[in-house]
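Input: a single structure, listed below in structure tokens.
The values are calculated or read from the model by the stated rules, or taken from the named source; none is laboratory data. All values reported here derive from a predicted model rather than from experimental measurement. In this analysis, Cβ positions are derived from the backbone assuming ideal geometry, glycine residues included, and neighbour counts consider all displayed protein chains. Side chains included, ligands, DNA and RNA excluded: accessible areas come from the protein's heavy atoms. Shrake-Rupley method; radii C 1.70, N 1.55, O 1.52, S 1.80 Å.
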Amino acid sequence: MSEEQIRSYIIDKDSYDKNILVEAGAGAGKTRLIIQRVIGQIGAGIPVEKIVLITFTNAAANELYERIQAGLTENIGKYSGEEKKLYENAVMNLQRMKISTIHSFCLSMLSEQPFEADLHLGLKLAEDGETKQAQADFFERLTFSRDITAQMVRTWKISAF
């Protein structure tokens, strides 16, 4: 597919039931394309709580939220009847749309299902200092685990013969 065909597919209503990953360099038009898609989905009757947008930074998530809100508000003035109601409802419920960083999204999913994920109830995003310590602890346990596993394998090989 050419770049133009890919762009057309992303905003085509026939693709609204598909998950889309948009990956491109700075200035390529990702945000504009995503906003077109989201506003199109809402115009097609997809509720805001069924739309998930995941990005890497809080700044990008905030920008998406603000630009989607502006686009929806603009469409309220352009349309009437049922379509206008769709956009009005979307603006009123925009906070129910999942627009977040990958870290926040994962945290929300894990927080909703802590027992299934074998996690404690007080789960939170780690601060930078905590992250470094957690990584150090993990690699220390991993190294210890590998040493024990290697020792067990050696013991098993010796006792197996």
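In table form, for the structure just shown:
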item	result
Boolean, Gly27 is open to solvent by 40 Å² or more (accessible area, probe 1.4 Å), at pLDDT below 95 and assigned to a helix (DSSP H, G or I)	no
Which listed residue, of Lys50, Lys13, is basic (Lys, Arg), open to solvent by 70 Å² or more (accessible area, probe 1.4 Å), out of contact with any strand residue (DSSP E or B) (no Cβ under 8 Å at 6 or more places or on another chain) and touching a residue at least 12 places away in the same chain (Cβ under 8 Å)	Lys13
Hits in the range 33-47 (condition: out of contact with any Lys or Arg (no Cβ under 7 Å at 6 or more places or on another chain) and open to solvent by less than 70 Å² (accessible area, probe 1.4 Å))	Ile34, Arg37, Val38, Ile39, Gln41, Ile42, Gly43, Gly45, Ile46, Pro47
Number of the condition not met by Met1 [criteria: (1) open to solvent by less than 60 Å² (accessible area, probe 1.4 Å); (2) farther than 21 Å from Lys85 by Cβ]	(1)
Residue identified as in contact with a strand residue (DSSP E or B) (Cβ under 8 Å, 6 or more places away or on another chain) and more than 29 Å from Glu3 (Cβ to Cβ) among Ser100, Ser104, Ser108	Ser108
Condition check for Tyr87: over 20 Å from the mean Cα position of the chain (by Cα), under 25 Å from Arg7 (Cβ atoms) and among the hydroxyl-bearing types (Ser, Thr, Tyr)	yes
